[in-house]
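Heads up, the thing below is written out as C-alpha cells.
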Amino acid sequence: MTYSFPNDLATTARDIERALAALLTADALAGPGRPADRLTAAMRHGSLNGGKRLRPLLVRQAAAVFGVAPEATVPTGLAVELVHAYSLIHDDLPAMDDDDLRRGRPTVHKAYDDATAILAGDALLTLAFGLLAGETTHPDAAVRVRLVAELAAGAGAGGMVGGQMHDIEGETRFLTERAIADMHAMKTGALIRAAVRMGARLGGASDADLTHLTAYAEAAGRAFQLADDILDVTATPEAMGKQTGKDAGQGKQTIVSRIGVEAARRQLGEMIHDALSALLPFGDAADGLRATARFFAERDN
C-alpha cells in the first residue's frame, strides 16, 4: 500500500483531537477534587481546534518503523501534545513572547487572564506525565518509565525550558551562530527529539535503532525551527495565524538574521538531507518520517 502523508497527518490530527476532547473534561480531570470550570475551559481553549499535531505524528511514525499499530500510539502522542500545548500557552504570556493570537484565535491569556493561562499550562504539563504513567499507554511499566524519562528530558531545563531561557538571554547579549543553533536544538528540537525517541521506545527499538532515529530527529528539529524563522520573515500574519516579524522587533537572534533568507534556505536543505540520510537503515518503513521532514521544510505556516 502506497504511503500517503496527507492521510497520515489528517488521521493523526483527528485521533489526537478526539482524545484531547475526551480527556479535557471536568469529569476526566477530577482527582481528589473537581477542577474549576474556568480552568478546564482554558485548558481546552489552549489545546483544541487547531494545530497540525506534528509531534504525535512523529511518535506514530517512529513507532510504525517497528510495526506498532497507530491506535497504540495515541496516549503517548497525546502526552507529547499536552506538553507542547502548555509550552505555547506560557510562551504567549506577556512576560514571555507577549502574543495576542495563536492559530488565528486569541491566546489563552487574552481569552481569560494571565493567572488562568499559567495554571492551564501547569495543569496540561502535569496531566501529560500522569497519562504516561497509566497502563493504557503501554502494558510494560518499564517502557512507561522510559517514556516518562524521555519526555522529561525533552521538556525540562536541558531541553525546551532551558532553550526558552537561552532565547530570553539572547535578547540582551550576543549569541554566536553555534549558540543560536544550540538554543534552537533545545527550545524546539528537544521535544521533537523526544517524540521520535518515544515512538521508538513503544516499538522496542534497539540502541542502534535509537542512535539512527535520534540523528534524524535532531536534524529534523533544527530544520523545523529554521523553517519557522524563515516564515517569520517571509509569511503573512494571515497565513501563520499569528503575528509575524516579531523576532526582529524583539531583538531575537536567529540564523536568518545572521545569514539572510536565501542562505538559510540552503542550510535548511542540508538539514533535511541529514535527516533523510539517518533513515537509510530503515528502508520503506520510515517513509512517514521522511515525509514529515520534507513537510517541515516546505510548509507555509
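Summary table below
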{"quantity": "Identity of the residue in region 57-84, farther than 21 Å from P281 by Cβ, surrounded by fewer than 24 Cβ atoms within 10 Å (Cβ to Cβ) and of a type in the set (G, A, S), that ends up farthest from the chain's Cα centre (by Cα)", "calculated": "A69"}
{"quantity": "In region 13-30, the residues that are in a loop (DSSP other than H, G, I, E, B) and either modelled with pLDDT under 95 or surrounded by 14 or more Cβ atoms within 10 Å (Cβ to Cβ) (or both)", "calculated": "L24"}
{"quantity": "Residues located in region 121-142, provided they are touching a Leu at 6+ places or on another chain (Cβ under 8 Å) and without any contact (Cβ under 8 Å) to a residue 60 or more places away in the chain", "calculated": "L125, A128, F129, L132"}
{"quantity": "Selected residue [surrounded by fewer than 22 Cβ atoms within 10 Å (Cβ to Cβ), farther than 21 Å from L24 by Cα and aliphatic (A, V, I, L, M)] from A133, A142", "calculated": "A142"}
{"quantity": "Among residues of region 100-126, those that are loosely packed, with under 15 Cβ neighbours inside 10 Å and in contact with a Ser or Thr (Cβ under 9 Å, 6 or more places away or on another chain), counted", "calculated": "1"}
{"quantity": "Neighbours by Cβ (under 6 Å, 6+ apart or cross-chain): first from region 54-71, more than 9 Å from L202 (Cα to Cα) and touching a residue at least 24 places away in the same chain (Cβ under 8 Å); second part of a helix (DSSP H, G or I) and of a type in the set (K, R)", "calculated": "P70/R60"}
{"quantity": "Any hit, region 166-184, residues being within 13 Å of the chain's Cα centre (by Cα) and in contact (Cβ under 8 Å) with a residue 24 or more places away in the chain", "calculated": "yes"}
{"quantity": "Pick from region 257-300, criterion surrounded by fewer than 19 Cβ atoms within 10 Å (Cβ to Cβ) and in contact with a Leu (Cβ under 7 Å, 6 or more places away or on another chain), ranking: farthest from A181 (Cα to Cα)", "calculated": "A297"}
{"quantity": "Restricting region 197-229 to residues that are in a helix (DSSP H, G or I) and surrounded by fewer than 20 Cβ atoms within 10 Å (Cβ to Cβ), the residue that is modelled with the lowest pLDDT", "calculated": "D228"}
{"quantity": "Residue within region 71-85 that is small (G, A, S), at pLDDT 95 or above, part of a helix (DSSP H, G or I) and over 27 Å from I118 (Cα atoms) present", "calculated": "yes"}
{"quantity": "Count of residues meeting criterion [over 20 Å from the mean Cα position of the chain (by Cα) and in a helix (DSSP H, G or I)] in region 97-118", "calculated": "6"}
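The values are calculated or read from the model by the stated rules, or taken from the named source; none is laboratory data. Only a predicted model underlies this, so the values are computations on that prediction, with no experimental measurement involved. No Cβ is skipped: glycine too gets one built from the backbone with ideal geometry, and neighbour counts run over all protein chains shown.
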